[in-house]
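Student: Next up is a structure, given as structure tokens.
Each reported figure results from applying straightforward, stated rules to the coordinates on display, with no laboratory input. Here the structure is a predicted model, which is why all the values come from computation and not from measurement. Positions of Cβ are backbone-derived with ideal geometry, glycine not excepted, and every protein chain shown enters the neighbour counts.
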Amino acid sequence: MVALTSADRDYALGLGRAFGGAVLFGLPLLMTMEMWSLGVTTHAWRLLLFLALNFWVLVVLSRFGGFEPTSSLTEDLLDALAAYAVAIAAAACVLALFGLIRFDTPLNEWVGMIAVQSVPASFGAMLARKQLSTGDSRNDEDQAARAEGYGGQLFLMLAGSLFLAFNVAPTEEVSLIGFKMTPWHSLALVAASLLLLHILVFAIGLSGQKQRPDGYGTGRLFLVYSVPGYGIALLVSLYVLWTFGSTDGQNLEALVGSTVVLGFPAAIGAAIARLVI
Amino acid sequence: MANGDSRHGKTPLLEWCAAVTGLLLIVSVVAVIGREAIREQAADPPAIAIQVGAIGQVADGFVVTFEALNQANGTAVAVEIEGTLMSGSSLVERSGATIDYVPGHGRTSGGLFFSKDPRKHRLVIRATGFQDP
């Protein structure tokens with residue numbers, strides 16, 4: 001039997017943490033009814049595009065705090081692939097445990113189910129190192145430095161929005177809430193989302209709160225971080241709604257209404273991503 | 001020093017682009033919602049019109065696809081659709097379907113199954129009820 005080197009052992013531990021992260025992040029959606037049929041009811045091309053985008057997000061996330069410290073693009077690619085594999089394994093295990101996938105389940109049904117569930121789980125697998133590790137910080141400064149740049153912050157907001165939007169979007173409630181809200185409610189929600197996004201990151205004093213870059217007044221901070229952040233949250237929400245077919249057949253007002261509704265958790269996700277990663 | 005941070009006073013191009021793009025998006029969203037708010041249309045009761053689509057053959061009979069169009073701006077939820085095959089004035093067959101929701105000025109498609117050939121009879125499809133969201 002080949003003895004494991006220390007590097008192998010570290011990687012194996014990283015994989016273990018990744019599995020834990022995958023289950024943690026994936027569990028709410030793994031137990032959501034609409035997700036079980038999403039694999040077959042979503043248009044195949046939209047789903048493929050979504051999976052491809054998710055993979056790209058994983059690669060970039062790996063630069064900023066993935067489940068092991070990386071120092072080159074190749075390593076990030078490999079880590080993204082590994083995170084995906086762990087996520088697929090975690091999703092398959094849980095779905096099988098729940099009896100949702102059985103030996104007689106048709107191929108495209110269980111493939112679709114696992115493919116769709118692996119998206120949130122892969123986020124968890126990738127972020128597991130940052131959150132679940134015991135603080136081995138040799139390369140942490142490098143990763144933190146990469147994340148501090150403006151582009152990095154924008155990307156983190158994108159990843160955070162994507163994750164929360166995807167967690168909320170598969171169910172009917174987003175559209176239903178949109179129908180129940182009057183336009184004044186929607187306007188208030190836009191304001192609240194913007195405000196919360198700004199306050200959560202800059203004002204309340206949560207750990208991970210960002211320092212103002214030199215020379216930035218509050219107005220400029222708002223304009224440069226929170227406004228694009230909410231814009232990103234809206235775009236991500238619209239994209240996720242489109243992917244799941246919730247936008248088909250809707251007129252403009254209903255579309256904007258649903259986007260604003262989903263934009264609220266997306267904006268919170270953007271703020272949390274900046275605090276946590 | 002991390003990339004992208006501005007030195008004192010000089011704003012990087014990316015920040016300008018991001019801020020402007022974000023502002024445009026938010027202003028557009030607010031404009032659409034604001035216009036809707038100012039028009040203050042009370043939600044009219046939904047008016048569902050049915051457009052019959054293709055008729056095809058399936059295992060036990062036939063399927064008729066249709067689109068339910070909401071011509072008013074009120075949303076209809078749990079819309080009951082009924083299709084009847086008539087021969088003269090006598091009822092040959094009746095089928096029903098439920099559409100989860102048809103948004104205001106929106107459309108949702110569905111289908112009805114029949115065991116008799118709809119092309120040989122007079123087919124009438126209409127919405128028979130709905131619920132407010």
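Student: Between A:Gly152, A:Leu223, B:Gly96, whose Cα lies farthest towards the positive end of the dipole of the protein assembly as shown when Lys and Arg beta carbons carry +1 and Asp and Glu beta carbons carry -1, centred on the Cα centre?
Tutor: About the Cα centre, the residue reaching furthest to the positive side is A:Leu223.
Student: Among A:Leu27, A:Trp56, A:Val86, which residue has its Cα positioned farthest towards the positive end of the charge dipole of the stretch A:18-113, with +1 placed on the Cβ of Lys and Arg, -1 on the Cβ of Asp and Glu, and the dipole taken about the Cα centre?
Tutor: Among A:Leu27, A:Trp56, A:Val86, the one farthest towards the positive end of the dipole of the stretch A:18-113 is A:Leu27.
Student: While we're on this one: Using per-residue counts of other Cβ atoms within 10 Å, averaged over each peptide, order B:70-79, A:103-112 from highest down.
Tutor: Peptide ranking by packing, descending: B:70-79, A:103-112.
Student: Given +1 on the Cβ of Lys and Arg, -1 on the Cβ of Asp and Glu, and no further charges, what dipole in debye does chain B carry about its Cα centre, rounded to the nearest 20?
Tutor: It comes to approximately 360 debye.
Student: Here's a follow-up. Other chains near B:13-20: what is the mean number of their Cβ atoms within 10 Å of each residue's Cβ?
Tutor: Per-residue shielding by partner chains comes out at 5.
Student: Roughly how crowded by other chains is peptide A:247-259, in terms of the mean Cβ count from those chains within 10 Å of each of its Cβ atoms?
Tutor: Counting other chains' Cβ atoms within 10 Å and averaging over A:247-259 gives 5.
Student: What ³J(HN,Hα) values, in whole Hz, does the Karplus curve 6.51 cos²θ - 1.76 cosθ + 1.60 give for the stretch A:250-256 when θ = phi - 60°, with x put for Gly and Pro?
Tutor: Residue by residue, the stretch A:250-256 yields 9, 7, 4, 5, 5, 4, 5 Hz.
Student: Pick from B:Ile55, B:Ile33, B:Ile99 the residue whose mean-square fluctuation is largest in a GNM of chain B, springs joining Cα atoms under 10 Å.
Tutor: Top of the fluctuation ranking is B:Ile33.
Student: Let me ask something additional. So what J values fall out for the stretch B:25-39 if you push phi through Karplus, 6.51 cos²θ - 1.76 cosθ + 1.60 with θ = phi - 60°, rounded to Hz, Gly and Pro as x?
Tutor: Each residue of the stretch B:25-39 in turn: 4, 5, 5, 4, 4, 5, 5, 4, 5, x, 4, 5, 5, 6, 4 Hz.
Student: Relative contact order of the stretch A:75-134, please, whole-number percent, based on alpha carbon pairs below 8 angstrom and at least 6 residues apart.
Tutor: Relative contact order, the stretch A:75-134: 51 percent.
Student: Tell me, what ³J(HN,Hα) does each residue in the stretch A:236-248 have, in order and in whole Hz, if you take phi through Karplus 6.51 cos²θ - 1.76 cosθ + 1.60 with θ = phi - 60° and put x for Gly and Pro?
Tutor: 4, 4, 4, 5, 5, 4, 4, 4, 8, x, 6, 9, 4
Student: Okay, next question. Kirkwood Rh over Cα pairs of the protein assembly as shown into Stokes-Einstein at 37 °C, 0.692 mPa s: D in µm²/s?
Tutor: In µm²/s, the coefficient rounds to 138.
Student: Under the rule of -39500 (n - 2.57) per DSSP H run of 4 or more residues, summed and divided by the residues of chain A, what mean residue ellipticity at 222 nm is obtained, to the nearest 500 deg cm²/dmol?
Tutor: Using -39500 (n - 2.57) per qualifying helix, the result is -25500 deg cm²/dmol.
Student: Anyone know which of B:Leu123, B:Leu112, B:Leu23 comes out most mobile in the 10 Å Cα GNM of chain B?
Tutor: Among B:Leu123, B:Leu112, B:Leu23, the largest mean-square fluctuation in the Gaussian network model of chain B belongs to B:Leu23.
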